[in-house]
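**Student:** My questions will all concern the structure given below.
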Amino acid sequence: MDASKIAEIVRETLRNQKLLEEESEAASSPSTSVSSPVSSGAKSGRAAVLVEPRRLEIREFPLRAIGPDEILVKVEACGVCGTDVHCYKSDPFGLAPNVLGHEGTGEVIEIGADVAMDSVGKPVKVGDKIVTSLLEVSPDCLIAKYNPAKSNLSDDLKVYGLLPDEPNNHFNGYFAEYLIIRPGSSFFVVNDMSVDLRCLIEPAAVVCHALERAKSCGGNRLNFRSRIVVQGCGPIGLLMIAVLRTHGVNNIIALDGNPNRLEMARSLGADETINYKEYAGVDEIAEKVKSLTKGLGAHWGFQVTGVPVAHANLYKMIRRGGGICEVGHFVDGGECAINPHRDICSKEITLVGSWVYNSFEYPNAYHFLQRAERIGLPVSSIITHKFPLDQIDEAFQVNLRQEGVKVVVEA
């Protein structure tokens, strides 16, 4: 090897060493604790503010700089949940003025210096698609402290879209162009899912949690041969049918009064459908259920309507030794009358409630949706309407008129 070749190798080695030193200095130098919104090119954004019951206003707010443990997300879309509709109608939680929307997803456009991974340890970077789950509950909450698996029952439970407005942060819900993920939040990178499926992860977590609640009762009532009634074929009811079918249940009866929803229920795994409007009353409906279940009634029922009388009716469709999971009442819809002797005691009915979900159930929901599509269940077809943010009022009206199934607002 001649001298010129040796000199070239030495120069290349020195250049590489210098680059390594520069990278090392950059990594070890103090990071700025706050990143500027200028880096994303956005200085303000619009949000749909629930000003008072039945009144939404599109307002523009300045985008503040995010902190070292926050993330700025460009919202892509968000489903309209039944809870959003209840808030729209009557503001039952007293949150107005605030920005609703919790079934959302978007793209990361800024990351605080201290954020490196999502809630399951997956690296997160600008450009990633994410969904959010629950915010961390207060360390003073005794329920979460002594039973972390029940943190969903904390009085301190917080979800984006169900948070009060803040003077320095108006982007607390997904019915906006931006969302700021705050410290203590659980969030997940979901790059390999379509935007439609990402909008369904939150409601899918609801039904995954309900399934686990029913399974927690033991016995053999949820298996391949189980005969299950799902009462109510709105978005949650339809996803409940899909998760049961994906779980291996082969005998599912869907009960609703909307023919289009019952048809969709069949496509998502229901074997039989019952339109309650075609029957004189609950006794006739119960006899129809018994005729489909060897004369005994269903092993298990999932009540997903949010209508109190529907809860009372479901007992009549369940066999002795069966069970019911109440999923539908996320707000106080009133009371209903049951007969403790006939409905519960003499049948030894097992009754469980299902409330929201836990953050760790999000990955379960994610895999459920992927598996459902893989076996041919068209879960994305639940989304029937899409509206831009400017038309969010019409999105809510379509939902109130029950003209579609899942309505989505795109930012």
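The values are calculated or read from the model by the stated rules, or taken from the named source; none is laboratory data. Since the structure is predicted, the reported quantities are computational estimates derived from the model, not experimental observations. Please note: Cβ atoms are built from the backbone with ideal geometry, for glycine as well, and neighbour counts cover all protein chains shown.
**Student:** Just need a number here: residues in segment 163-177 that are more than 19 Å from GLU103 (Cβ to Cβ) and outside any loop (DSSP other than H, G, I, E, B).
**Tutor:** 2
**Student:** Could you say whether any residue in segment 266-279 is closer than 19 Å to ASN251 by Cβ and among the basic types (Lys, Arg)?
**Tutor:** yes
**Student:** Among what's in segment 137-162 and is part of a loop (DSSP other than H, G, I, E, B) and under 16 Å from the mean Cα position of the chain (by Cα), pick the residue that is nearest to PHE387 (Cα to Cα).
**Tutor:** Filtering segment 137-162 for residues that are part of a loop (DSSP other than H, G, I, E, B) and under 16 Å from the mean Cα position of the chain (by Cα), the one nearest to PHE387 (Cα to Cα) comes out as GLY161.
**Student:** Determine whether GLY45 is at pLDDT 95 or above, within 29 Å of GLY333 (Cα to Cα), not assigned by TED's automatic domain parsing to the domain that holds HIS329 and not in a loop (DSSP other than H, G, I, E, B).
**Tutor:** no
**Student:** Give me the helices (runs of 4 or more DSSP H) completely within segment 299-411, filtered to those with at least 2 residues that are β-branched (Val, Ile, Thr) and surrounded by 15 or more Cβ atoms within 10 Å (Cβ to Cβ), ordered by residue number.
**Tutor:** Filter on segment 299-411 gives 392-400.
**Student:** Mind checking whether some residue in segment 180-193 is surrounded by fewer than 17 Cβ atoms within 10 Å (Cβ to Cβ) and in contact with a strand residue (DSSP E or B) (Cβ under 8 Å, 6 or more places away or on another chain)?
**Tutor:** Yes: one or more hits.
**Student:** Here are some residues: LYS288, LYS316. Which one is basic (Lys, Arg), more than 21 Å from VAL207 (Cα to Cα), touching a residue at least 12 places away in the same chain (Cβ under 8 Å) and in contact with a strand residue (DSSP E or B) (Cβ under 9 Å, 6 or more places away or on another chain)?
**Tutor:** LYS288
**Student:** Follow-up. Please verify whether LEU63 is of a type outside the set (Val, Ile, Thr), over 17 Å from the mean Cα position of the chain (by Cα), at negative phi and buried (at least 23 other Cβ atoms within 10 Å of the Cβ), treating the condition exactly as stated.
**Tutor:** So LEU63 fails the test.
**Student:** Next question. Can you name every residue in segment 110-134 that is within 22 Å of ILE201 (Cβ to Cβ), touching a helix residue (DSSP H, G or I) at 6+ places or on another chain (Cβ under 9 Å) and not in a loop (DSSP other than H, G, I, E, B)?
**Tutor:** LYS129, ILE130, VAL131, THR132, SER133, LEU134
**Student:** Being part of a strand (DSSP E or B) and either in contact with a Lys or Arg (Cβ under 6 Å, 6 or more places away or on another chain) or charged (D, E, K, R) (or both) is the requirement here; does ARG261 meet it?
**Tutor:** no
**Student:** Starting from segment 273-284, keep only residues that are touching a residue at least 12 places away in the same chain (Cβ under 8 Å) and among the aliphatic types (A, V, I, L, M), then list their pairs with residues that are surrounded by 11 or more Cβ atoms within 10 Å (Cβ to Cβ) and not in a helix (DSSP H, G or I) whose Cβ atoms are within a distance under 6 Å, requiring at least 6 positions of separation or different chains.
**Tutor:** ILE274/LEU255
**Student:** Right, another one. Go over the candidates ARG213, ARG245 one by one and state the one that is charged (D, E, K, R), in a helix (DSSP H, G or I) and touching a Ser or Thr at 6+ places or on another chain (Cβ under 6 Å).
**Tutor:** Answer to the check: ARG213.
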